[in-house]
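Here is the structure we will look at.
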Amino acid sequence: MKIMVVGGGGREHAIITKIKENPNVTEIFALPGNGGIAADATCIDIAATDIDNIVAFAFKEKIDFAVVAPDDPLVLGCVDALEAHGIPCFGPDKKAAIIEGSKIFSKDLMIKYGIPTAEYAKFSDMEKALEYVKTCKIPIVVKADGLALGKGVIIAETREMAENAVYMMMQDKKFGESGANIVIEEFLEGPEVTVLSFTDGETLIPMISSQDHKRALDGDKGLNTGGMGVVAPNPYYTKEIAAECMEKIFLPTIKAMNKEGRTFKGCLYFGLMLTTDGPKVIEYNCRFGDPETQVVLPLLKSDLLTIMKACRDGTLAKTAVEFEDKHVCCVVMASKGYPEAYEKGFEITFEDDRENIFIAGAKLVNGKLITDGGRVLAATRTGDTLKEAIDAAYAAIDKIHFEGAYFRRDIGRRALNA
Ligand code: AMP
Ligand code: GLY
């Protein structure tokens, strides 16, 4: 079987590593992939958002199954285009991907169907938004409606910050059209949990819960990033809370999407806050998380490709989805300065083999792996205890080198103390 994976980060590297375990897979193409993924797949220089060329490539190569991993091609309708050309895909169609593509859509959906989330107001008029900010409770959270590379959420601790966020999105158009409409919502407190799930639109199977570390610096300080490390399972996410989430959030979401004529198939990502009022949805994503995927998939015992096909074909209820009962930790190595300006172009060297080292931002130059992004790679290690997994992940990081390498030293510390 010939497989095509659209995307080129650490998440895609983890997906490809897992798909390769299926003995029927003869070739995997990554579009565009990256210098590290090139060790495991054939990288094709087509951008993940270049849908016409993705479809043309898949058609020409007679791809048997495609996985569309990132948010932007999903929201643009990449799955619809591929399926229209007879190429079966894992991932939601455009109508369903709106659950991530529009925060206003997802907030309205939750309210309409009684799914617990933060209270909110939505605005298309800047003056009205500014007026609201004058009297609302502080802190408050200002969110661009559309996709914004993970940067469209501002936690405003003062009224002035909230006003600035509104100006930045609606007047200065920092996120382009994505900020033409905004959501202003209640600030929630509590431990955060990510739950990725497989769904075929009827059955939903949650994967192992995880805990991302979004801030750049130790102690959860500094700027928000795409994620500096993850541990799984998340110790705050007990069996009781999992059952409550299934009943009040996961299944109602699947049913709500069906009622709206937007059946969701693929990986549905639940970003949850465990508040004193119970679990609430912070956000939905229409895809695997990055770097959550890099901890969850290495624990998957069942065949990923079989599960992905079952999600598309509506046969998930009859498909085995089993995870190892272990702990796992993933530490991200970034370029110094990330998420702000950073230098790239430094050679990456490895003292050990690269098993479960997922490459995100690197390219191959004359056979050498060279840094080419903010988040460069992530090292994932498992253990019988969380402590073992954390120690092993840091031991792996110690054996990888490049100039200006930066990583947090405290990934998993909060989970250890939970
Ligand atoms: P997002 O880009 O939607 O994942 O949001 C980025 C981060 O902002 C989340 O992971 C949360 O830590 C935080 N966040 C988003 N919405 C809220 C909220 N209503 N209350 C508190 N924190 C939030
Ligand atoms: N790690 C957060 C995300 O994938 O959106």
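Structure values in brief
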item: Segment 294-336 and segment 119-156: distance between their alpha carbon centers, rounded to Å; result: 34 Å
item: Normalised contact order of the chain, rounded percent, pairs of Cα under 8 Å and 6 or more residues apart; result: 17 percent
item: Per-q log10 I(q)/I(0), segment 348-418, q = 0.13, 0.25, 0.26 Å⁻¹ (Debye; single scatterer per alpha-carbon; no solvent); result: -0.41, -1.21, -1.27
item: Antiparallel bridge percentage (DSSP; both residues within the chain; nearest 5); result: 80 percent
item: Translational diffusion of segment 150-306, µm² s⁻¹ [Kirkwood Rh, Cα pairs; Stokes-Einstein; 20 °C; 1.002 mPa s]; result: 124 µm²/s
item: Per-peptide average of other Cβ atoms within 10 Å, ordering 339-347, 53-61 highest first; result: 53-61, 339-347
item: Dipole of the chain, positive end: most advanced residue of Gly101, Gly412, Ile54 [Cβ charges, Cα centre]; result: Gly101
item: Gyration tensor (alpha-carbon) shape descriptor, segment 126-171, a/c threshold 1.5; result: oblate
item: Arg11, Arg354 arranged by Cβ crowding within 10 Å, fewest neighbours leading; result: Arg354, Arg11
item: Segment 225-294 - convex hull of the alpha-carbon atoms, volume per residue in Å³; result: 110 Å³
item: Total charge dipole magnitude, the chain, about the Cα centre, Cβ charges on Lys, Arg, Asp, Glu only, Debye to nearest 20; result: 300 debye
item: Global form of the chain, assessed from the alpha-carbon gyration tensor, a/c cut-off 1.5; result: rounded
item: For segment 99-164: relative contact order, % (alpha-carbon pairs under 8 angstrom, 6 or more apart); result: 32 percent
item: Sites matching GluC sites (Glu not before Pro) across segment 139-182 that sit in DSSP coil, with at most 16 neighbouring C-beta atoms within 10 Å; result: Glu157
item: Under Karplus coefficients 6.51, -1.76 and 1.60, residue-wise ³J(HN,Hα) of segment 25-41 in Hz, glycine/proline x; result: 7, 9, 8, 10, 10, 10, 10, x, x, 7, x, x, 4, 4, 6, 10, 8
item: Rounded to whole Hz, the Karplus (6.51, -1.76, 1.60) HN-Hα couplings of segment 201-207, x for glycine and proline; result: x, 10, 8, 10, 10, x, 8
item: Prolate/oblate/rounded call for segment 55-160, Cα gyration tensor, a/c under 1.5 rounded; result: prolate
item: Ratio of the Cα radius of gyration of segment 295-418 to 2.2 N^0.38 Å, where N counts its residues; result: 1.24
item: Mean Cβ count within 10 Å, highest first, over the residues of peptides 244-253, 212-221; result: 244-253, 212-221
item: Fewest-first sequence of Met110, Met207 by Cβ atoms within 10 Å of each Cβ; result: Met110, Met207
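No lab work stands behind these numbers, since they all come straight from the coordinates. Here the structure is a predicted model, which means the values were calculated and not measured. Note that each Cβ is placed from the backbone with ideal geometry, even for glycine, and that neighbours are counted across all protein chains shown.
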